[in-house]
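The structure appears below as structure tokens.
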Amino acid sequence: WSPPPPKFAALLLKELDDIGWLNRTWVQSFDWHVLQAVQNQEPTVPTGYLTSEQAVFDTVVAKKSNPSPWLAGFDPVNFNGDLALAIQQAGGRYWGPNYLDLTELRVQNAHQTGLEVHTWTVNESTDVVKLSRWGVDGVTSDYPDRARSALSGLGVCLPSPIVGELFPGA
């Protein structure tokens with residue numbers, strides 16, 4: 001339903017350039033083929049390698065001894081089972097795991113590999129606090145007010161919230 005990864009990346013990068021956001025955007029995807037194409041076409045754009053290891057949506061574990069179709073050949077099995085190392089070797093700047101797949105040790109391992117950890121979709125304040133204490137670099141939430149409140153309670157210095165439309169007249 002979408003163009004091949006090189007064409008997809010070219011279209012995306014052109015749109016970002018056209019609106020002047022190319023130099024202030026991260027690109028993240030579950031489809032690591034697209035991220036590889038972005039890196040090949042515009043190496044300065046940071047890429048985030050999204051993963052899920054949940055039973056209902058698992059992008060990492062191979063099925064029936066076939067490699068995962070999501071990982072563009074960077075299967076952790078080829079990196080001693082180290083997912084962070086696979087992402088680092090793929091050229092990723094950060095790892096975007098489902099927060100349910102994280103442990104403090106996995107966060108530490110990713111950092112030792114040189115990756116930031118930006119997890120998703122963290123909707124409960126208690127989870128934001130736990131993940132922050134583990135050292136995650138960022139969270140995606142459906143409830144940014146909850147995340148801000150939890151982080152503020154930990155003494156994290158936060159920027160002022162954006163009020164109004166990001167794209168007036170759009």
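Just need the relative contact order of the stretch 1-92 here, percent rounded to a whole number, with Cα pairs under 8 Å and 6+ apart. It rounds to 22 percent for the stretch 1-92.
Across the stretch 70-85, rounded Karplus estimates of 3J(HN,Hα) from the backbone phi angles (6.51 cos²θ - 1.76 cosθ + 1.60, θ = phi - 60°) give 7, 9, 6, x, 9, 5, x, 4, 7, 10, 6, x, 8, 5, 4, 5 Hz, Gly and Pro being marked x. Residue by residue, the stretch 18-31 carries 3J(HN,Hα) couplings of 4, 9, x, 10, 4, 8, 9, 10, 9, 10, 10, 6, 6, 8 Hz when phi is fed to the Karplus relation 6.51 cos²θ - 1.76 cosθ + 1.60 (θ = phi - 60°); x denotes Gly or Pro.
Amide H contacts under 5 Å for residue 70: none, restricted to partners 5 or more places along the chain or on a different chain, H placed in the peptide plane at 1.01 Å from N. Highest mobility in the GNM of the chain, judged by mean-square fluctuation with C-alpha springs under 10 Å and restricted to 55, 72, 150, is found for 55.
Per-residue 3J(HN,Hα) values for the stretch 128-136, derived from phi via the Karplus relation 6.51 cos²θ - 1.76 cosθ + 1.60 with θ = phi - 60°, read 4, 4, 4, 5, 4, 5, 6, x, 4 Hz in sequence order (x marks Gly and Pro). Each of residue 130 and residue 40 was given a label point 7 Å from its Cα along the Cα-to-Cβ line. The distance between the two points is 4.0 nm. Counting only protein heavy atoms and a 1.4 Å probe, the stretch 86-127 has 44 square angstrom of accessible area per residue.
Using a simple spin-label model with pseudo-atoms 7 Å out from Cα toward Cβ, residue 142 and residue 14 lie 3.5 nm apart.
Residues whose amide H comes within less than 5 Å of that of residue 51, counting only those at least five positions distant or on another chain, are 96, 98 (H built at 1.01 Å from N in the peptide plane). When the Gaussian network model of the chain links Cα atoms closer than 10 Å, the mean-square fluctuations of 12, 71, 50 top out at 12.
Beta bridges per DSSP, both residues in the chain: antiparallel share near 20 percent. In this Cβ point-charge picture (+1 for Lys and Arg, -1 for Asp and Glu), the chain has a dipole of about 140 debye about its Cα centre. With a ≥ b ≥ c the root eigenvalues of the C-alpha gyration tensor of the stretch 33-152, is it rounded (a/c under 1.5), prolate (a/b larger than b/c) or oblate? Judged from the Cα gyration tensor, the stretch 33-152 comes out prolate (a/c at least 1.5, a/b above b/c). So if we plug the beta-carbon distance of residue 1 and residue 56 into 1/(1 + (r/R0)^6) with R0 = 25 Å, what FRET efficiency do we get, rounded to 0.05? Efficiency, from the Cβ-Cβ distance: 0.75. Considering only 66, 80, 40, the Gaussian network model of the chain with Cα springs below 10 Å gives its largest mean-square fluctuation to 66. Carbon-plus-sulfur accessible fraction, the chain (probe radius 1.4 Å, protein heavy atoms only): 55%.
Between the exposed loop cleavage positions of the chain, defined as GluC sites (Glu not before Pro) in a non-H, G, I, E, B DSSP state with at most 14 neighbouring beta-carbon atoms within 10 angstrom, the longest gap is 1-123.
The values are calculated or read from the model by the stated rules, or taken from the named source; none is laboratory data. For clarity, every value in this text was computed on a predicted model and none was experimentally measured. Cβ sites come from the backbone with ideal geometry, for glycine too, and all protein chains shown count toward neighbours. Remember, those area values only see protein heavy atoms, side chains included, never the ligands or the DNA or RNA. Shrake-Rupley method; radii C 1.70, N 1.55, O 1.52, S 1.80 Å.
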